[in-house]
Amino acid sequence: MTDIILEARNLTKEFKGFVAVRDVNLQVRRGTIHALIGPNGAGKSTVFNLLTKFLAPTHGQILYDGRDITAMKPADVALMGLVRSFQISAVFPHLSVLENVRVALQRPLGTSFHFWKSGSTLHDLHGRALDLIEAVNLTPWAHHTAAELPYGRKRALEIATTLALDPEVMLLDEPLAGMGHEDIERTAALIKRVSADRTVLMVEHNLSVVAHLSDTITVLRRGEILAEGPYEVVSKNAQVMEAYMGTGHA
Amino acid sequence: MTSQIGAETGVEAGVRAPAGTGARTPLLVGAGLLLAVAAPFALYPVFLMKVLCFALFACAFNLLIGFAGLMSFGHAAFFGTAAYVAAHAAKAWALPPELAVLAATLVAAALGLVFGAIAIRRQGIYFAMITLALSQMIYFLALQLPFTHGEDGIQAVPRGMLFGVIDLMDPLAMYYSVLAVFLAGFALVWRAVNSPFGQVLKAIRENEPRAISLGYRTERYKLLAFVLSAALAGLAGATKALVFQLASLTDVTWQMSGEVVLMTLLGGMGTLFGPVVGAALVVTLESYLAATSLPVPVVIGCIFVVCVLVFRRGIVGELLARWPK
Ligand SMILES: Nc1ncnc2c1ncn2[C@@H]1O[C@H](COP(=O)(O)OP(=O)(O)OP(=O)(O)O)[C@@H](O)[C@H]1O
Ligand SMILES: [Mg+2]
């Protein structure tokens, strides 16, 4: 057991000559909530894509729990317990809310290739699925299709689906975007609660939530790390303040 | 909050399996079965068998496009290859019909595995183009290989004795055998769509990156769907070869690949009954128009264009979307 669960070493990603992420060194400590913040286009989502292997890095290395995962496939990384959400709400729109969560729960059954089995063999999962749905306050929507949900609720469903895998590390890309005030509080509390026995790495623009939740904050600007540390330290950094003033965030 | 839901109920029922349709489905299925059993007493059995073969072909295609979101433009390769294999096995090797059809279906499945393994990593138009190119290679082989007899095809294929006891030269015996094959194929599609596998497939169709992020190696699921679809398309082609006692180049042309796309879209892709309705419609139109002096492809083409413009979800898809639950 190393103290660092997820580590990026000299991570660089170029898109046709444009460097979106430059030489990023990131260490995420086990059991913490770690926030990645920065102005639009700073490269936060790209870092997420790199860490979860949805993009291959141009240079650099990624270590998960001490193992080099740089050459692995995204699905395999997910199976190891490194599960992400997406910035653009990622639900299965024409499946019901219940089915959305159930898809995440069904893989461990080992019947996911069984095309001859009745779908009713999945009904055993409904109890757990409904518990997760309850946790994100979606119970009244359980039997609606995900497409019917307002945007903020879709984000909540996404969190429930991610949680269904009981991941060791959860990477959340702007989980609170588009949520109403009440849902933000509820979801922030949920993130705090579920972080008790896992690690959370999140990108979030809502700085008051970030300040409140995070143990560590990494500030990214133009693909490079500008500052890192607890909120009290990072927020007093002159460069960070400038970067945020410059783009209208505060 | 509830008012917001009402405003957003523009859900595409067309791409959903008619799962929550309640008591209506068994009724419809029962009525359909009765019709199918009684039909040969009112209509030509050969016409009905053609409808059934194409309906199965379209169901196979629909499994891929409607439930896995993969658009193949080369499905004639499986249909036609199986027709040749079944015809050759029945004629040259004198295999009984059930074994000839089984062998042909297995060959189609194997071909599907090869095609799938090559095409599955590509998306959208690239996937369609690769399947088209591969099926053109099959067409070339069918034209050149000696056992297919080039332009003539394999003619006078014996239907044989099913399980050694049922003489398939009897039109009714043949019809009910074809009906049984169709129902078995349809049941398999229905089961697959509603199985644990079907759930994952739908998730992949809906949002592949999300399915990957949940730990699904999506290529393997798509490949299995492709093989199943190829096998069922083969089953349809092999059965058709016995019905018409003929395997010919028509069955492996790209037009045949296009026809199954048309049937499926017309009926409603992603619905279970859509492909059946689409196939019945196209086959019926073709046989009516053949007796007139109208240019068949032009008329079918116009109907297709109108249908796609008016019923974006296909006939069954629109019905499901508009029918109050
Ligand atoms: N696939 C791609 N091809 C080319 N450029 C890309 C690609 N993905 C991202 N970029 C560019 O890389 C930069 C970083 O993008 P990224 O999405 O990582 O930013 P972000 O920090 O997540 O921003 P936001 O807060 O707006 O989500 C942007 O300039 C973007 O245009
Ligand atoms: Mg982003």
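As a rough guide to protection, the peptides B:222-231, A:13-22, A:91-100 ranked by mean Cβ packing within 10 Å, highest first, stand as B:222-231, A:91-100, A:13-22. For chain B, the longest principal axis of the alpha carbon atoms and the long axis of helix B:218-244 meet at an angle near 40°. Could you tell me how many degrees, from 0 to 90 and to the nearest 10, lie between the Cα long axis of helix B:296-310 and the main elongation axis, the longest principal axis, of the Cα atoms of chain B? Between the helix axis and the principal axis of chain B, the angle is about 20 degrees. Using the alpha-carbon centroid of each, what span in Å lies between the range B:244-288 and the range B:173-240? Centre-to-centre distance over Cα atoms comes out at 18 Å. Projecting label points 7 angstrom from Cα along Cα→Cβ for A:Val19 and A:Ile4 puts them 2.1 nm apart. Each of B:Gly160, B:Leu262, B:Ala83 was placed along the dipole of chain B (beta-carbon charges, centred on the mean Cα), and the one lying farthest toward the positive end is B:Leu262.
Evaluate the charge dipole of chain B about its Cα centre and quote only its size in Debye, nearest 20, assuming +1 on the Cβ of each Lys and Arg and -1 on the Cβ of each Asp and Glu.
That gives chain B a dipole magnitude of about 860 debye.
Mean per-residue shielding of peptide B:189-198 is 6, counting Cβ atoms of other chains within 10 Å of each Cβ. Taking the Cα centre of chain A as origin and assigning +1 to Lys and Arg Cβ atoms and -1 to Asp and Glu Cβ atoms, the resulting dipole is close to 480 debye. Only one residue of A:Phe92, A:Phe15, A:Asn49 has its Cα farthest out toward the positive end of the dipole of the range A:1-124, where Lys and Arg carry +1 and Asp and Glu -1 on Cβ, and that residue is A:Phe15.
Here the Karplus relation 6.51 cos²θ - 1.76 cosθ + 1.60, evaluated at θ = phi - 60°, turns the backbone of the range B:146-158 into coupling constants of x, 5, 8, 6, x, 5, 6, x, 8, 9, 6, 6, x Hz, with x for every Gly and Pro. Between the C-alpha center of the range A:19-94 and that of the range A:101-165 there is a gap of 24 Å. For the residues B:Leu28, B:Leu262, B:Leu168, a GNM of chain B with alpha-carbon springs under 10 Å puts the largest fluctuation on B:Leu28.
Name all residues of the range B:71-92 having a backbone nitrogen under 15 Å from the label point set 7 Å from the Cα of B:Tyr126 along its Cα→Cβ direction, giving them as ranges. Hits in the range B:71-92 for B:Tyr126 at 15 Å: B:71. Can you list the aspartates and glutamates whose alpha carbon sits under 17 Å from that of B:Lys91, skipping same-chain ones fewer than 8 residues off? Partners found: B:Asp152, B:Asp167. Shielding by partners for peptide A:15-25, expressed as the average number of C-beta atoms from other protein chains within 10 Å of each residue's C-beta, is 0. Of all beta bridges that DSSP places with both ends in the protein assembly as shown, some 60 percent have antiparallel geometry. Largest GNM mean-square fluctuation across B:Phe41, B:Phe67, B:Phe127, computed for chain B with C-alpha springs under 10 Å, falls on B:Phe41. Residue by residue, the range A:224-240 carries 3J(HN,Hα) couplings of 10, 6, 9, 7, 8, x, x, 3, 4, 6, 4, 5, 8, 6, 4, 5, 5 Hz when phi is fed to the Karplus relation 6.51 cos²θ - 1.76 cosθ + 1.60 (θ = phi - 60°); x denotes Gly or Pro.
Strictly over 23 Å apart at the Cα level, which of A:Lys53/A:Lys117; A:Lys16/A:Lys44; A:Lys44/A:Lys192; A:Lys13/A:Lys44; A:Lys154/A:Lys192; A:Lys154/A:Lys236 would you flag in this model?
A:Lys53/A:Lys117; A:Lys154/A:Lys236
A cut-off of 5 Å between modelled amide H atoms, ignoring neighbours fewer than 5 places along the same chain, links A:Leu226 with A:Val219, A:Leu220, A:Arg221.
Counting only protein chain heavy atoms and rolling a 1.4 Å probe, the accessible areas of B:Tyr139, B:Tyr288, B:Tyr44 rank, largest first, as B:Tyr44, B:Tyr288, B:Tyr139.
Mark the label point 7 Å from the Cα of A:His205 along Cα→Cβ and return the residues of the range A:12-40 whose backbone N is within less than 19 Å of it. Residues A:35-40 qualify, since their backbone N sits under 19 Å from the label point. I want the local charge near B:Ile204. Using Cβ-Cβ distances under 14 Å, sum +1 for each Lys or Arg and -1 for each Asp or Glu among the other residues. Net of charged neighbours comes to +4.
Taken about its Cα centre, the range B:117-203 carries a charge dipole of about 620 debye when Lys and Arg each add +1 at the Cβ and Asp and Glu each add -1 at the Cβ.
The chymotrypsin sites (Phe, Trp or Tyr not before Pro) of the range B:142-186 that DSSP puts in a loop, and whose beta carbon has at most 16 other beta carbons within 10 Å, are B:Phe163.
For the range B:118-133, the Karplus equation 6.51 cos²θ - 1.76 cosθ + 1.60, evaluated at θ = phi - 60°, returns couplings of 7, 8, 4, 6, 9, 10, x, 5, 5, 4, 4, 5, 5, 5, 5, 4 Hz by residue, with Gly and Pro reported as x.
The values are calculated or read from the model by the stated rules, or taken from the named source; none is laboratory data. Note that this is a predicted model, so its numbers are computed, not measured. All Cβ positions, glycine included, derive from the backbone under ideal geometry; neighbour counts span all protein chains shown. To get the accessible areas, we keep the full protein, side chains included, count just its heavy atoms, and leave off ligands, DNA and RNA. Shrake-Rupley method; radii C 1.70, N 1.55, O 1.52, S 1.80 Å.
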